[in-house]
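Below is one structure, written out as structure tokens; comments come after it.
The values are calculated or read from the model by the stated rules, or taken from the named source; none is laboratory data. Fair warning: this is a prediction, and the values are worked out from it, not measured in the lab. Here the Cβ positions follow ideal geometry from the backbone for every residue, glycine too, while neighbour counts run over all protein chains shown. Surface accessibility is based on the protein's heavy atoms, side chains included, excluding ligands, DNA and RNA. Shrake-Rupley method; radii C 1.70, N 1.55, O 1.52, S 1.80 Å.
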2 protein chains.
Amino acid sequence: MRRHPVVHPRIVAPSRSKTLRSPLVAVDVVIFTIADGELQALLVQLKGGPFAERWAFPGGLVPVGEAPEATATRELLTQTGIHDVYLEQLRSFGDPRRDPNAHVVSIAYFALVSDKGESQGNSKYTRLGWFPVPRLPSLAYDHNAIAAYALERLRSKLEYTNIVYSLLPSEFTLGELQEVYEIILGRWLDRRNFRKKILSLSLLRPLHRQRRGAHRPAQLYRFTRRTPMTIEML
Amino acid sequence: MRRHPVVHPRIVAPSRSKTLRSPLVAVDVVIFTIADGELQALLVQLKGGPFAERWAFPGGLVPVGEAPEATATRELLTQTGIHDVYLEQLRSFGDPRRDPNAHVVSIAYFALVSDKGESQGNSKYTRLGWFPVPRLPSLAYDHNAIAAYALERLRSKLEYTNIVYSLLPSEFTLGELQEVYEIILGRWLDRRNFRKKILSLSLLRPLHRQRRGAHRPAQLYRFTRRTPMTIEML
DNA sequence: TCAAAAGTGTTCTGGATACACCCATGA
DNA sequence: TCATGGGTGTATCCAGAACACTTTTGA
């Protein structure tokens, strides 16, 4: 019926017609990183509104004329200082009661960063905090549901894409790579099978340097391509 | 920054503030079925606007207070008469230029029906038509991109979920089931291997009836559960 | 010398693939 | 009798899983 101008005119300017009222559009970004042997997510603390003091994922309203993904990128930069990250749309959450103030349809994204460093930036308006994903507090809006969905997506994409590269620094050992998998998937992997499989994919280039520590030195590797590809990893 | 009321107030009523302008929200539904040995999709013909006469997926604006999925269900019923179908969110498409009239963020869904019959309903406002997916015309908005995305999703979900049940009538033969897979995946499957695999999943219950034709009678089957489950089908 | 992580190969098993012939029916 | 799809079993291959001991270093 939308296609019939009399019934659902898509053409009239929004401000002219009461029947054209539609929910607001927002984005929310779940930013994951690995730190302290855990999967962590970045939260901001709300200052006002019904969820004052509560934590939530960074995000914001999408203005007319801006692509939602651009909003996500922009809010990420202004709220957390993070830029140039892997960013992927999850899905939208549109329940009218998810925000008590107004009907806001939120498009959720997830982002992956290799370390917390970049997020020290512009925190002058908001308190930022990294939280271990297994023990997230009770979040504002429906953000706990978004978190669960994001985690599920991360787990499955880890298995059939190479996006794990965005959780690692440019140089890393096979042990560190395996640890990322173990933390996110929540299960131990056999080291020999893991190395066999990963090395057979020729995604990694061994360097001429090693990581030293209180143990036998470990070969350092680099990803040959840091660009998303779908490939059976496990 | 959205969390800071002064900068991005989420609280003010939409009509009060210019800064709160956000795109409109719509849904679009890609409805698939199998007919005449092909995957087909249901389109409606637009009557006015810059895409007059062009075909598009049924859909409509989401009103304030209604969950987008409810809008999708409702528009499906009013525009096509289709109800009680498998419906799944794909993702949202938000490019500001996808609709020349206004910035409309569309949440795309895909639906599966087992036959065209249900769509004869209320076509008094719009012309409806089923089109073979491999030969879709040039659609309105960005609907060709939505179609491509929907097809991709359908193909992958066919492999790891049981949603194929929603493309089949309540009783069917293994040959018909296999044909659905072959049409959608676009490749031939070995009959013996297919039957072995499918029957090993105990998703099907053989009936005491057979389908007759100009050939050896074929055993009829029924799905034991017509509810979405994730399971490795192929 | 000890703790801690790195490095390495083989066996087994199960699932996927490839493949060809006979059967029952309606026309 | 013929065309059409239905029904069936076996051999092969490969990837995944299971599994233990030695090495190198810093402390």
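Among A:Thr78, A:Ser156, A:Leu139, whose Cα sits farthest toward the positive end of the charge dipole of the protein assembly as shown (+1 at Cβ of Lys/Arg, -1 at Cβ of Asp/Glu, about the Cα centre)?
A:Ser156
Per residue, how big is the convex hull around the C-alpha atoms of segment B:109-234? Give it to me in cubic angstrom, could you? Don't skip to the answer; put the middle values down first.
Numbers: hull volume 19.0 nm³, N = 126.
That works out to 151 Å³ per residue.
With runs of 4+ DSSP H residues as the only contributors, calculate the mean residue ellipticity of chain B at 222 nm using -39,500 (n - 2.57) per run, divided by the residue total and rounded to the nearest 500.
On the way: 4 runs with 53 residues, N = 234.
Helix-only estimate at 222 nm: -7000 deg cm²/dmol.
With charges set only on the Cβ (+1 for Lys and Arg, -1 for Asp and Glu), what does the dipole of segment B:177-222 come to about its Cα centre, in debye to the nearest 20?
Roughly 260 debye, rounded to the nearest 20.
Segment A:55-157: percent of C-alpha pairs farther apart than 20 Å?
Numbers: 2162 of 5253 pairs.
Distances greater than 20 Å cover 41 percent of the Cα pairs.
Which of the pairs A:Lys116/A:Lys197; A:Lys47/A:Lys157; A:Lys157/B:Lys116; B:Lys47/B:Lys157; B:Lys47/B:Lys116 have their Cα atoms more than 26 Å apart in this structure? Don't skip to the end; give the middle numbers.
Numbers: A:Lys116/A:Lys197 29 Å; A:Lys47/A:Lys157 34 Å; A:Lys157/B:Lys116 35 Å; B:Lys47/B:Lys157 34 Å; B:Lys47/B:Lys116 23 Å.
Pairs exceeding 26 Å: A:Lys116/A:Lys197; A:Lys47/A:Lys157; A:Lys157/B:Lys116; B:Lys47/B:Lys157.
Given a cut-off of under 8 Å on Cα pairs at least six residues apart, what relative contact order in percent is computed for chain B? Don't skip to the answer; put the middle values down first.
Details: 382 pairs, mean separation 45.1, N = 234.
Result for chain B is 19 percent.
Which of the GluC sites (Glu not before Pro) across segment B:148-234 are loop residues per DSSP, with 12 or fewer other Cβ within 10 Å? Numbers along the way, then the final one.
Values: sites: B:Glu152, B:Glu159, B:Glu171, B:Glu176, B:Glu179, B:Glu182, B:Glu232; in loops: B:Glu171, B:Glu232.
Passing sites in segment B:148-234 are B:Glu232.
Keeping the other protein chains in place, figure out the carbon and sulfur percent of the accessible area of the protein assembly as shown, with a 1.4 Å probe.
On the way: 10990 of 21900 Å².
Using a 1.4 Å probe with all protein chains present, the protein assembly as shown comes out at 50 percent carbon and sulfur.
In a Gaussian network model over chain B where Cα atoms closer than 10 Å are linked, find which of B:Phe57, B:Phe110, B:Phe194 has the largest mean-square fluctuation.
Highest fluctuation of the listed residues: B:Phe194.
Expressed as a whole percent, how much of the Cα-Cα distance distribution for segment B:163-223 exceeds 15 Å?
Numbers: 933 of 1830 pairs.
Above the 15 Å cut-off, segment B:163-223 has 51 percent of its Cα pairs.
Return, for the Cα atoms of chain B, the radius of gyration and Dmax in Å, separated by a comma.
20.9, 75
Against the globular-protein guess of 2.2 N^0.38 Å, express the Cα radius of gyration of the protein assembly as shown as a ratio, rounded to two decimals.
Values: Rg = 24.9 Å, N = 468, 2.2 N^0.38 = 22.8 Å.
In units of the globular-protein estimate, the protein assembly as shown measures up at 1.09.
Please report, in debye to the nearest 20, how large the charge dipole of segment B:14-157 is about its Cα centre when each Lys and Arg carries +1 at its beta carbon and each Asp and Glu carries -1 there. Show your work: numbers first, answer last.
Working: 16 positive and 15 negative charges, 110 e Å.
Value, rounded to 20: 520 debye.
State, as an integer percentage, the relative contact order of segment A:17-149 based on alpha-carbon contacts under 8 Å between residues 6 or more apart.
It comes to 35 percent, rounded to a whole number.
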